[in-house]
1. Out of B:87, B:127, B:147, B:139, which single residue is within 14 Å of chain A (Cβ to nearest Cβ) and in contact (Cβ under 8 Å) with a residue 24 or more places away in the chain?
2. Hey, among the residues in the stretch B:216-240 that are within 14 Å of chain A (Cβ to nearest Cβ) and in a loop (DSSP other than H, G, I, E, B), which one's nearest to residue B:392 (Cα to Cα)?
3. Is it the case, given these coordinates, that residue A:314 is away from chain B (no Cβ under 14 Å), acidic (Asp, Glu) and outside any strand (DSSP E or B)?
4. Would you say residue A:125 is outside any helix (DSSP H, G or I), surrounded by fewer than 23 Cβ atoms within 10 Å (Cβ to Cβ), more than 10 Å from chain B (Cβ to nearest Cβ) and at pLDDT below 95?
5. Residue under question is residue A:38, and the condition is that it be out of contact with any Leu (no Cβ under 9 Å at 6 or more places or on another chain), modelled with pLDDT of 95 or more and either not assigned by TED's automatic domain parsing to the domain that holds residue A:223 or not basic (Lys, Arg) (or both); does it hold?
6. Among (1) under 18 Å from residue B:163 (Cβ atoms); (2) within 14 Å of another protein chain (Cβ to nearest Cβ), there is one condition residue B:99 misses while meeting the rest; what is its number?
7. Do we have any residue at all in the stretch A:229-243 that's farther than 20 Å from residue A:2 by Cα and not polar (S, T, N, Q)?
8. Among the residues of the stretch B:178-215, what is the count of those that are aliphatic (A, V, I, L, M) and within 14 Å of another protein chain (Cβ to nearest Cβ)?
Amino acid sequence: MVYETTIGLEVHVQLKTRTKMFCGCATGYGEAPNTLVCPVCLGYPGAMPVMNREAIGLTVVSGLMLGCDIAHWSKFDRKSYFYPDMPKNYQISQYDKPLCLGGGVKIDLEDGTEKTIGLTRIHLEEDVGKNTHFGASSGVDFNRAGHPLMEIVTEPDLSSPEEAYAFLQALKQILLYAGVSDCNLEEGNMRCDVNVSMRPVGQQELGTKAELKNLNTFKGVFHALQYEQERQAALLDRGERVVQETRRWDPDRGETSSMRTKEDAHDYRYFPEPDLLPVVLEDAQIDAWRKALPEAPRERRARFVQTYGLPAYDAGVLVAEREVADFFEEAVRAGGNTKAVSNWIMTDVLRVLSEKGVGILALPLTAASLGALTKLVEDGAVNMTGAKEIFAVLANKGGDPARLLDELGLAQVSDTGALEKMVDEAISANPKSVADYRNGKAAAAQYLMGQVMRLSRGKANPPMVLEMLKQKLDQ
Amino acid sequence: MGDTNLDVSRLTIREAGDLLASGACSAVDLTDALLRRIQDVDSNIHAYVSLDADFALQQARAADEARAQGKSGPLLGIPIGVKDLLNVAGQPCTCSSHILEGYTAPYDATVIARLREAGAVFVGRTNMDEFAMGSSTENSAYMVTRNPVDLERVPGGSSGGSAAALAAGEAIATLGTDTGGSIRQPAAFCGCVGLKPTYGRVSRYGLTAFASSLDQIGPMTHTVEDAAILLQAMAGLDTMDSTTLDVPVPDYRAALQHDLKGMRLGLPKEYFVDGMDDAVRASILQAVDTCRALGAEIVDVSLPHTEYSIAVYYIIATAEASANLARFDGVRYGRRVSPGNDPVEMYGATREAGFGAEVKRRIILGTYVLSSGYYDAYYLRAQKVRRLILQDFENAFATCDALLAPATPTPAFRVGENTGDPLKMYLSDVFTATANLAGICAMSVPSFSTSEGLPVGLQILGPALGETQILRVGHAFEQRKKAVA
């Protein structure tokens, strides 16, 4: 039988605030256990939460970037369940009045079309601590407890592991553009729960779903979904039922296994958090956030194609990171050649970044200097060979391309007299190649060309050399 | 210096302050005398769960030094008893529960920090019903506090230790908390003054929560003036408690006057019901007459939704409590009972051993009313009725400055009398829970005692932020009563 897959995601995103959601403790990763804690985030008797307005702002900004409706009146609720990583044994979350409703994320499908994945809601809650097991005993690190956590819930609009993967990539890109989270998967900034079900093509009602937990990488989501598709399809093929349950993804074994069935599902006993006031947002405040929004990556890509005449693929590479796209535009504004700047970034700059393992802002190379370098090439002041040398210095130490051109003695030789001397020298030193050329081996000209470049120590103007060589050999 | 015969047993904050200011005694003398008084009488009363004599004397010395350097203030060097659910850094805070055995508070509650700043001395921790759940202090895991007026009777609760300490002359002033009457009812039973402030007037930060939308910390004192002094030092906005009100704190003592001219006081008919104790009725009606004689106009009012208050209260309070008490799990602090390696087993064993029967009963009730499928019928409905109860009060306060009512339907009952019947015990909150549900302020002031000599509490209810009105009524009544006695 042929089945179609229905997938919905719940993505937890740690917000980039200086302090925790409900207390003044610093947010941080990798600190010694239980050093970023206080009576509030440890759930001590009598401690009370105080709302972090910065977290509210970042959530609303995320909602605006994702096209959500922002609630003018929203509230927090207590979600009760016992777990050692949960200081109060209830989590302050949002139940029926989340900060953001609706919205969507556009993704590109393989056939080149575009699909919008609808969002149900975005709400704000507090993160929990982290359990560690030491064999005979266990420990809890509460440094993470109380970190602001935004939960983004999608509609069941995704229909394949590929779409889920593309959605997560697009979402991450938007959130990075918005500057609301570092989205660092290794540090657990983004974590994902997945609901997946299958039904025979044509069937109206959805199949029974499984919920997958413990998905900390996008690849993990992809592989877990692939596994689940096969598992559920096999069950259905055999005429068996899919059990509604929560399953754990084991990335090492590459399979999911049952954690708990619907029968032992939690009753979270939500009720309004009496220690916090409702969140009331005025239009003026929301408008101010809206006005300060950055351009979204997808819109920026379209604009790059339109404004700069770049191929869609190139534009996509350039806008993938906001800082890189900013760098590109700044280099162009500084007088750089659009196509050349794009090529430099897509090849050399991104290569250097990945070699050094840093972001573009950490590079000594500035947008203005890259722009200036492309201008030197365009004006014929330096050939590509020389430009690469200059780039290497710029990438490692920075500097002014025009001055480096002088310092490194890389100025392109375009003086006819000097070039003629070198061409003659190459011809007289390589009679065999000259003969080959004249016998119809066009490639011999390339060899001779190389000899001239060597004689000029790379500085000869290549088109002029080629022209001159051909003239002399064809005589 | 040093008056070793200093009698602290009826000493008020005001009188003690005068003694300290005049140099008639030092804060160390005062604290020392109080500690000796506690030592003499508390073995019969059991008002204090624990004492911190060394720390108190050290604080008293610091107060004396501060005074020598020119510091002054009504609470400088005044010893205060603290209900055992308010966090004082470095002191135990058991909430009269086994589950917090061995726990030492790592921080000061906001009210404690404010009183500490004012120079108050924290002499000891007063007994209470476990986690403030009870109306007799019989639910303490450690001891049953006796009513000093009649040792066979309960002091009320949950702030029974704070009330009994005052009545036994082993405190100058104490702090209580009031969720459904836990300040006013024991104050009424023991014959002292107890004030529950408007919700949000006093910070709850550092108050071990029972029911977060109802809890308030308030003063328990010998006189209304003392209540004004103590409230003054505690009230006001606190950035650590989002539910505190950003409204300036008036000068409460300045509001105290000797008459009630120009005031209109309401008598809610629902608080004078058939079957209420005759002696209580007689006492309150006599108090009403006294207020009339002081110049107040007395009018009848109706609070029609009063009859639902106990049901609404026990739904909302237990629901909130079920979440608030979830944190006592043996993981981070307090008692831990861990039979194996399974955390779920540890929770069960810890909570089974750590909580008393009444606490368990309320956690189960609260868990039930919040359960999926029951939420709308119980919790949501209760919140709607709660709004109606508030509306009743708003209507009454549209024409009245304050309301007069009994604080309790009966005088103090006997130890053990109601322990077998939780519902009967719950009904002793019938006249007090409404103020918590409505978030308004209310105070119990000693009215005329019964022929048996048992205290009766006159409850004075005021609108939100109407503390000045109820203090004025309470003070004028108290002064007139003293004059005629």
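The values are calculated or read from the model by the stated rules, or taken from the named source; none is laboratory data. Note that the coordinates shown come from a computational prediction; the quantities given were computed from them, not determined experimentally. Quick reminder, even Gly has a Cβ in these numbers, built from the backbone with ideal geometry, and neighbours come from all protein chains shown.
1. On the way: B:127 fails: within 14 Å of chain A (Cβ to nearest Cβ); B:147 fails: within 14 Å of chain A (Cβ to nearest Cβ); B:139 fails: within 14 Å of chain A (Cβ to nearest Cβ).
One residue alone meets the criteria, B:87.
2. B:237
3. Details: away from chain B (no Cβ under 14 Å): yes; acidic (Asp, Glu): yes; outside any strand (DSSP E or B): yes.
Yes; evaluated as a whole, the condition is true for this residue.
4. Details: outside any helix (DSSP H, G or I): yes; surrounded by fewer than 23 Cβ atoms within 10 Å (Cβ to Cβ): yes; more than 10 Å from chain B (Cβ to nearest Cβ): yes; at pLDDT below 95: no.
So residue A:125 does not fit the description; no.
5. Working: out of contact with any Leu (no Cβ under 9 Å at 6 or more places or on another chain): yes; modelled with pLDDT of 95 or more: yes; either not assigned by TED's automatic domain parsing to the domain that holds residue A:223 or not basic (Lys, Arg) (or both): yes.
Judged against the criteria, residue A:38 is a match.
6. (1)
7. We begin by selecting, within the stretch A:229-243, every residue farther than 20 Å from residue A:2 by Cα; these are none.
Checking the stretch A:229-243: not a single residue is farther than 20 Å from residue A:2 by Cα and not polar (S, T, N, Q).
8. Going residue by residue through the stretch B:178-215, those that are aliphatic (A, V, I, L, M) are B:183, B:187-188, B:193, B:195, B:202, B:207, B:209, B:211, B:214.
Pick out the ones that are also within 14 Å of another protein chain (Cβ to nearest Cβ) and you get B:202, B:207, B:209, B:211, B:214.
The number of residues fulfilling the criteria is 5.
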